[in-house]
Amino acid sequence: MTTNRQIPRLVPGGELTSYPPPDLWDDWVEWDAKAWPERKENRYRLVPTTCFNCESACGLLAYVDKDTGEIRRFEGNPAHPGSRGRNCAKGPATINQVNDPERILYPMRRQGKRGSGEWERVTWEEALADIGGRIGKAIREDRHDEIMYHVGRPGEDGFMDRTLKAWGVDGHNSHTNICSSGARLGYAMWSGHDRPSPDFANARFILLLSAHLETGHYFNPHAQRIMEAKRSGAKLCAIDPRLSNTASMSDYWLSTWPGTEAGLFLAIARLLLEWDAIDHRFVRRWVNWEKSLEKRFPDKDRTYESFIEGLQETYADYTPEWAAEECGISVDQVIEVAREIADAGHRFASHTWRSTGSGNLGGWQAARTLQFLHVLTGSVGTKGGLSPSAWGKFSPEHWNMPPPHSRWNQLSWPIEYALAHHEMSFLLPHFLKQGRGKLDVYFTRVYNPIWTNPDGFSWLEVLTNEEMIGLHVALTPTWSETAWYADYVLPMGVAAERHDTHSYETHAAQWLGFRQPVLRVAGERDGKTFHRTYEANPGEVWEETEFWFDLSWHIDPDGSLGIREWFESPNDPSRPVSVDEYYGWMFENSVPGLPEAADKEGLSPLGYMRKYGAFEVAKDVYEVHERPPADPRNGVSIDGELKTGFKSPSKKLEWYSETMDDWGWGDEAIPTYLESHVHWRDMDLGGNERILLPTFRLPTLIHTRSGNAKYLYEISHGHPLWVNPVDADALGFETGEMVRITTDIGWFVMRAWRTEGIRPGVVAASHHMGRWRQEDKAGNERWSSALVNIDQLGDGVWRLRQVKGIEPFESDDPDSSRIWWRDPGVNQNLAFPVHPDPISGMHAWHQRVTLTAAQEGDQYGDVVVDTAKSTRVFEKWLEMTKPGPGPDGTRRPLWLDRPVKPTPDAYRF
Ligand code: SF4
């Protein structure tokens with residue numbers, strides 16, 4: 001047995017040995033730095049878990065003090081294949097979330113009027129009985145569509161799919177259409193896979209259509225691999241109107257006009273075609289060129305060469321000169337980046353997430369045209385190239401999975417948005433106001449739509465209307481602007497306080513991570529037993545795995561609805577399944593290689609996952625489309641051989657999408673360029689109009705959950721409006737001066753910051769800040785929020801006004817009295833109308849705004865909105881849709897993915 005004293009902390013050459021070896025994780029000893037010069041030992045039990053502070057699901061190691069039983073800190077888990085022991089600032093800040101003196105520790109029920117801020121503590125049993133009874137009644141009365149689960153930060157993949165199928169409820173709603181569904185649709189129309197998985201570490205040229213290195217999807221796992229590639233000589237191009245940290249690290253920064261990026265990619269495609277930098281073998285084998293010829297070039301010969309000729313003709317007008325003019329960059333930049341892509345060939349990797357795909361009407365074509373470059377160069381599935389997401393993500397099976405239901409909830413999947421990649425979540429207030437339905441039980445799960453979504457005052461209006469929403473249950477680890485309008489606030493665990501499995505496409509491999517309640521696991525290693533996780537967590541903070549198991553029992557206590565059976569213990573049907581039984585089954589039966597790896601260490605598969613927190617299922621996953629299909633009925637014949645192919649209807653990569661054509665979008669059925677709703681030529685740039693980019697992230701803040709992380713707020717606590725000096729001079733703004741920013745439905749007031757880090761004509765503000773609370777000591781975290789008044793100035797006219805900014809306060813944490821930052825920022829989203837893209841369903845975040853100096857009476861942080869105007873904008877964008885049913889009488893193409901997918905008969909309109 002080794003001890004950590006025998007392990008050199010420095011290896012020859014001076015590098016740190018970074019991590020305690022796993023065989024010492026049960027008794028890790030460190031000298032207490034603060035006790036120096038006394039030699040005082042601290043003994044720790046190290047328990048792995050998974051970070052919850054973005055979607056990357058990096059591994060964490062919790063250091064549990066063996067003397068006090070408390071978690072002292074979090075570091076990276078070296079056994080995690082995605083993050084490899086590394087984290088961004090948000091991972092270690094989990095300790096702030098655990099120890100937050102303002103956190104919600106017990107279940108609470110509203111007293112008085114909804115939103116009045118009066119609460120009483122209740123037991124978990126009372127909450128479960130009330131909520132479960134109400135859901136059970138709705139199901140018995142065939143009001144299934146009145147139950148909705150609306151998720152912000154998801155937990156375990158497939159868990160709610162399983163739960164809602166067991167209930168027979170089509171009630172899943174997500175945040176995806178304010179996040180990523182634009183890009184998802186662009187990718188899905190090629191291959192059926194809705195996300196990219198770049199092999200950054202092995203790439204020669206990396207193109208990022210977002211601030212990816214610092215804040216992108218799979219931020220830390222991707223960033224570390226991008227830096228590896230750079231060290232090996234890869235070049236990096238960032239396309240962003242803003243000089244992000246990523247752009248500052250890049251070889252090429254292309255500051256394009258927002259929404260013009262698809263035009264740039266088509267110009268690059270044209271150059272690739274002109275230079276014949278095409279992988280013809282790949283295109284001939286894997287693109288649906290025969291169908292494309294038939295539908296788009298019917299007069300041409302049915303040969304591959306004719307298809308290439310058709311492409312050349314289709315994109316002939318996208319010259320470098322045209323792109324330079326349209327995108328606002330130089331001709332040389334267009335040609336140089338095209339050359340890099342051509343030279344990189346199979347080792348060309350890229351990513352786009354949020355950014356332009358989420359900012360613009362038609363933004364989904366940015367992903368569609370970017371993928372086109374991979375198709376032409378054959379960098380699909382290659383080492384150093386780009387794979388579909390599913391190849392790099394491992395999806396375990398769930399124990400006792402119920403069959404799909406046959407229902408269709410039109411509040412989430414309306415007939416107007418047949419191709420929308422996810423639920424039309426941000427239109428819910430408008431649908432409720434239109435009388436399309438109502439909700440009896442509405443769960444918001446780590447979701448804060450009043451603050452996060454556009455048009456937050458319309459959310460406020462429906463959340464305070466008990467006719468529209470009967471019972472609002474907020475499942476949340478922290479206070480939020482939306483939880484304020486709940487009937488139950490149920491405290492849910494942070495990364496160290498719950499079970500979940502996760503897997504994401506961080507690189508060309510597959511892994512499964514296991515989040516676990518650290519104090520429960522540490523206690524069990526000490527011989528303690530727990531009936532439920534909240535017995536080990538702070539207060540009565542619970543975990544959702546057990547919450548949903550127990551709630552399902554309360555919905556169907558006698559089993560007569562056929563729900564309880566899905567949640568009964570396989571060993572004792574008189575009690576709910578336990579987490580050990582549930583995950584034990586998963587790890588034993590559905591993770592290839594895990595039982596064998598566990599056996600080698602004398603552990604059960606569950607014991608292995610509890611010890612290491614992650615397992616690598618497959619390495620070096622490339623060219624899955626070329627493999628023989630697992631089921632011959634699902635293969636595609638390529639040059640006479642049966643191959644796995646892709647998930648599209650043709651199992652090939654679809655340059656021409658027959659689905660889009662069939663559903664009325666023939667002009668958009670190929671990679672093409674669509675002008676944005678904020679196209680620069682339509683703006684009065686000589687006057688006061690500018691394009692507002694409200695989507696960029698600060699790398700050290702978490703969407704709506706930074707407020708309880710003091711480390712993070714100490715780093716990031718300013719919220720200026722980025723304005724180029726050219727615009728600032730033209731408009732007469734100096735740094736620090738207040739600016740009124742007027743949208744189509746209202747206005748808000750921020751302070752200007754003159755910076756050359758943004759292109760002229762465009763202004764920008766991070767989407768992270770502007771938190772508020774309506775009572776001084778309740779409703780949100782005082783580390784981060786302003787105290788505000790929300791007043792109704794007239795029918796539908798709302799004003800949010802700050803009473804005071806961030807101030808020090810007394811609490812159990814002495815740091816709260818040392819707060820030195822003051823700016824809570826400004827919530828801009830309240831003043832944005834909904835902009836649902838008629839095809840992808842994505843909210844187009846960018847805004848056409850008018851900038852003026854603040855007017856008399858304006859105060860910093862003021863937001864004023866007229867929700868009647870919001871309704872009119874919603875109706876205007878709704879007119880752009882082409883409502884279904886589709887040609888076969890269905891609500892949506894059956895082959896497109898959707899969460900909690902129902903049976904095919906539910907698709908019939
Ligand atoms: S990138 Fe940062 S916030 Fe995201 S999971 Fe990893 S450590 Fe956590």
Within segment 100-207, which strands (runs of 3 or more DSSP E) (wholly inside it) include 3 or more residues that are open to solvent by less than 10 Å² (accessible area, probe 1.4 Å), in contact with a strand residue (DSSP E or B) (Cβ under 8 Å, 6 or more places away or on another chain) and not hydrophobic (A, V, I, L, M, F, W, C)?
-> 196-198
Filtered residues of segment 209-229 (kept if more than 16 Å from the ligand (Cβ to nearest atom) and either closer than 18 Å to T369 by Cβ or without any contact (Cβ under 8 Å) to a residue 24 or more places away in the chain (or both)) = L209
What are the pairs, 6+ residues apart or on separate chains, where a residue within segment 34-61 that is at positive phi has its Cβ under 9 Å from a residue that is within 16 Å of the ligand (Cβ to nearest atom) and among the aromatic types (F, W, Y)?
-> A57/Y218; A57/Y504
Before we move on, is R302 in contact with a helix residue (DSSP H, G or I) (Cβ under 9 Å, 6 or more places away or on another chain) and charged (D, E, K, R)?
-> yes
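Out of segment 57-68, which residues are in a loop (DSSP other than H, G, I, E, B), in contact with a strand residue (DSSP E or B) (Cβ under 9 Å, 6 or more places away or on another chain) and either surrounded by 24 or more Cβ atoms within 10 Å (Cβ to Cβ) or not acidic (D, E) (or both)?
A57, C58, K66
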Hey, any hits in segment 243-258 for a residue that's in contact (Cβ under 8 Å) with a residue 24 or more places away in the chain and of a type in the set (D, E)?
-> no
Residue check: is C51 more than 20 Å from M609 (Cα to Cα), under 26 Å from the mean Cα position of the chain (by Cα), surrounded by 14 or more Cβ atoms within 10 Å (Cβ to Cβ) and within 15 Å of the ligand (Cβ to nearest atom)?
-> no
If you go through segment 75-86 one residue at a time, how many are in contact with a Leu (Cβ under 9 Å, 6 or more places away or on another chain) and buried (at least 24 other Cβ atoms within 10 Å of the Cβ)?
-> 3
Taking segment 333-360, which residues are open to solvent by 10 Å² or more (accessible area, probe 1.4 Å) and in a helix (DSSP H, G or I)?
-> Q333, I335, E336, R339, E340, A342, D343, G345, H346, R347, S355
Which of the residues spanning segment 551-580 are outside any loop (DSSP other than H, G, I, E, B) and out of contact with any Pro (no Cβ under 6 Å at 6 or more places or on another chain)?
-> L551, S552, H554, I555, R564, E565, E568, P576, V579, D580
Would you call G82 more than 8 Å from the ligand (Cβ to nearest atom), touching a His at 6+ places or on another chain (Cβ under 9 Å), in contact (Cβ under 8 Å) with a residue 12 or more places away in the chain and not in a strand (DSSP E or B)?
-> yes
Working carefully through the options S637, S657, S706, S676, find the one that is touching a residue at least 60 places away in the same chain (Cβ under 8 Å) and farther than 30 Å from N724 by Cβ.
-> S657
Boolean, M249 is over 30 Å from A669 (Cα atoms), surrounded by fewer than 22 Cβ atoms within 10 Å (Cβ to Cβ) and within 16 Å of the ligand (Cβ to nearest atom) = no
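The values are calculated or read from the model by the stated rules, or taken from the named source; none is laboratory data. From a predicted model like this one, the values you see are computed outputs, not experimental measurements. A quick note on method: Cβ atoms are made from the backbone with ideal geometry, for glycine too, and the neighbour counts reach across all protein chains shown. Please note that ligands, DNA and RNA were not included when accessible areas were found on the heavy atoms of the full protein model with its side chains. Shrake-Rupley method; radii C 1.70, N 1.55, O 1.52, S 1.80 Å.
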